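Data block below; observations after.
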Amino acid sequence: MMLADTKDVEPDLIRRGSHDTAAAAEQAAQLLKSPAPPSAIFAASDTQAIGVLAAADRLGVAVPGQLSLVGFDDIESAAFLGLSTVRQPLARSGTEGAQRLCALLRGKRVRPLRQELPIELMARGSSARASQSS
């Protein structure tokens, strides 16, 4: 995923790593222990977001009181945990990918090269509305 405008993004707030829960918890703990911790985190997967939840809990950071959190995928456990997340059509995405791969393997051209599928924000208990500052 690409950010539309990165000029206002602080590079020190971006973490890259594997999608496992433990790695995400470690990286989130580093962010949350920093002198100016973030008030919101967007995780690239719900699995990573679960790691962020674990780190926040371990450090006594209230979610969503002190930290809003949004994951990506809307896996089954996201609803159970009250995790706000971005839902993507996983079955449709898999079908589209398989069809495109099969077409390429048969030597056919795939058009369009990029295809956008619909996504939906599932607002749950891990995120709060942004406060209005004057």
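Values quoted throughout were computed directly from the atomic coordinates according to the rules given, and no laboratory measurement underlies them. Nothing here was measured: the structure is a model prediction, and the numbers come from that model. Ideal geometry is used to build each Cβ from the backbone, glycine not excepted, and the neighbour counts take in all protein chains shown.
Assorted remarks:
- With the simple spin-label model, which puts each label point 7 Å out from Cα in the Cβ direction, the Ala91 to Arg15 separation comes to 3.4 nm.
- Rounded to the nearest 10 degrees, the inclination of helix 21-32 to the longest alpha-carbon principal axis of the chain is 40 degrees.
- Other residues with beta-carbon under 10 Å from the beta-carbon of Gln27 carry, at +1 per Lys or Arg and -1 per Asp or Glu, a net charge of +1.
- Mean shadow area of segment 83-127, taken as a quarter of the surface of its Cα convex hull (nm²): 3.6
- Cβ-placed point charges (K, R +1; D, E -1), dipole of the chain about Cα centre in debye, nearest 20: 640
- Neighbour net charge for Leu81 - beta-carbon separation under 12 angstrom, K R +1, D E -1: -3
- Column: log10 I(q)/I(0), Debye, Cα scatterers of the chain, q = 0.16, 0.19, 0.21 Å⁻¹: -0.88, -1.11, -1.27
- Reciprocal mean inverse distance between Cα atoms of segment 56-114 - Kirkwood radius, Å: 14.5
- Antiparallel content of DSSP bridges confined to the chain, in %, to 5: 30
- With a cut-off of 13 Å between beta carbons, the residues surrounding Ala91 carry a summed charge of -1, where Lys and Arg count +1 and Asp and Glu -1.
- Estimated [θ] at 222 nm from DSSP helical runs (n ≥ 4, -39500 (n - 2.57)) normalised by residues in the chain, nearest 500: -11000 deg cm²/dmol
- In segment 25-134, the trypsin sites (Lys or Arg not before Pro) that fall in loop regions by DSSP, at most 13 other Cβ within 10 Å: Lys33, Arg106, Lys108, Arg109, Arg114, Arg129
- Extended-chain gain in nm, criterion 0.36 nm per residue less alpha-carbon gap, Ala79 and Leu105: 5.6 nm
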